[in-house]
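The values are calculated or read from the model by the stated rules, or taken from the named source; none is laboratory data. Predicted, not measured: the structure shown is a model, and the values here were computed from it. Positions of Cβ are generated from backbone atoms using ideal geometry, with glycine treated the same way; all protein chains shown enter the neighbour counts.
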Amino acid sequence: MATSLRLFDFQRLEPDQQRLQLAEFKDRMLRRRTVRHFSDEAVPYELIEGAVAVAGSAPSGANMQPWRFVVVSDPAIKRDVRIAAEAEERQNYEQRFPAEYLEALEPFATDWHKPFLETAPYLIVVFRIDYGLDPERSTRKVKHYFVNESVGIATGFLIAALHIAGLASLTHTPTPMSFLSKILKRPANERPFLLIPVGYPASDATVPDIPKKRMDEIL
Ligand SMILES: Cc1cc2nc3c(=O)[nH]c(=O)nc-3n(C[C@H](O)[C@H](O)[C@H](O)COP(=O)(O)O)c2cc1C
């Protein structure tokens, strides 16, 4: 394919504006928390669509954009997801998780019950697309590069955008998650990556009082 380049429309900011914009973004981002208690209050779909558009702008290996965001709002499908997720999580908590992991999970007071999968108005199910299918010859596979890294970055954009839109989210991994492919009828090249309930927090929502590492530990 011939290379086609165009001038980059870079917006150069004044130093004061650079500092101000970063300070504002940082203040807002540092207020983000993972929420596990949701209100059933409706959320305008345009906010979900806008956040997914931000996710879709993320960088990706060779620009393959190996992601799909499936938005679920239908109560019957949310119920199916809850039943299947709870079945897996019940086995995880009662049999599969080693003692060390159960201990690490203690601050979060989580168990196999996942009522938020029905309460939250939206579930965004993020799929990683392991390989593309040539639109002309659907049997020919197109290689995707750095799929995990790419979908992880896109999901970070998504979580940040939802937060900036004034919404709460939960990064959820009811593993193994293959039930999501079946319920949502996804093709063989798509694999569940994360399940993200989205909505407003319940009025009495609590969050674990856990610290973030200090700057000198991470920088
Ligand atoms: C990849 C990943 C998987 C996670 N899976 C779960 C999960 O299944 N259930 C849950 O309650 N929280 C889950 N979390 C949320 C983390 O517990 C949470 O991000 C962490 O405790 C830090 O809290 P904060 O997001 O409020 O800063 C997950 C987070 C990540 C990044």
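At-a-glance table
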read-out	value
Hey, Phe38 out of contact with any helix residue (DSSP H, G or I) (no Cβ under 7 Å at 6 or more places or on another chain) and either under 30 Å from Thr119 (Cβ atoms) or at pLDDT 95 or above (or both) or not	no
Test: Ala154 is closer than 25 Å to Ala109 by Cα and either within 15 Å of the ligand (Cβ to nearest atom) or among the acidic types (Asp, Glu) (or both)	no
In segment 23-42, the residues that are more than 30 Å from Met215 (Cα to Cα) and over 17 Å from the mean Cα position of the chain (by Cα)	Ser39, Asp40, Glu41, Ala42
First in segment 101-114 and free of Cβ contacts under 8 Å to residues at least 60 places away in the same chain, second anywhere and more than 10 Å from the ligand (Cβ to nearest atom), Cβ under 7 Å, 6 or more apart	Asp111/Tyr93; Trp112/Glu86; Trp112/Arg90; Trp112/Tyr93; His113/Glu86
Matching residues, segment 1-43, being surrounded by fewer than 11 Cβ atoms within 10 Å (Cβ to Cβ) and within 30 Å of Asp204 (Cα to Cα)	Ala23, Glu24, Lys26, Asp27, Leu30, Arg31
Single match in Arg214, Arg140, Arg186 (criterion: over 15 Å from the mean Cα position of the chain (by Cα) and either at pLDDT below 95 or buried (at least 21 other Cβ atoms within 10 Å of the Cβ) (or both))	Arg140
Identity of the residue in segment 163-213, among the charged types (D, E, K, R) and away from the ligand (no atom under 15 Å from the Cβ), that ends up farthest from Ala120 (Cα to Cα)	Glu190
Condition check for Arg82: in contact with a Lys or Arg (Cβ under 9 Å, 6 or more places away or on another chain), in contact (Cβ under 8 Å) with a residue 60 or more places away in the chain and of a type in the set (Lys, Arg)	no
The one condition in (1) within 14 Å of the ligand (Cβ to nearest atom); (2) closer than 18 Å to Thr175 by Cα; (3) touching a Leu at 6+ places or on another chain (Cβ under 9 Å) that Pro115 fails to fulfil	(3)
Residue match in segment 16-36 (condition: over 25 Å from His172 (Cβ atoms) and among the small types (Gly, Ala, Ser))	yes
Residues (more than 21 Å from Tyr93 (Cβ to Cβ) and buried (at least 16 other Cβ atoms within 10 Å of the Cβ)) located in segment 165-182	Ala165, Leu167, Ala168, Ser169, Ser181
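Matching residues to (1) among the aliphatic types (A, V, I, L, M); (2) touching a strand residue (DSSP E or B) at 6+ places or on another chain (Cβ under 7 Å); (3) surrounded by fewer than 14 Cβ atoms within 10 Å (Cβ to Cβ):
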position: Ser57; (1), (2), (3): no, no, yes
position: Val70; (1), (2), (3): yes, yes, no
position: Val81; (1), (2), (3): yes, yes, no
position: Glu86; (1), (2), (3): no, no, no
position: Tyr93; (1), (2), (3): no, no, no
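Here's the yes/no breakdown for (1) more than 17 Å from Ile124 (Cα to Cα); (2) in contact with a Lys or Arg (Cβ under 6 Å, 6 or more places away or on another chain); (3) at pLDDT 95 or above; (4) in a helix (DSSP H, G or I):
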{"residue": "Ala2", "(1), (2), (3), (4)": "yes, no, no, no"}
{"residue": "Arg6", "(1), (2), (3), (4)": "yes, no, yes, no"}
{"residue": "Gln17", "(1), (2), (3), (4)": "yes, no, yes, yes"}
{"residue": "Arg32", "(1), (2), (3), (4)": "yes, no, yes, no"}
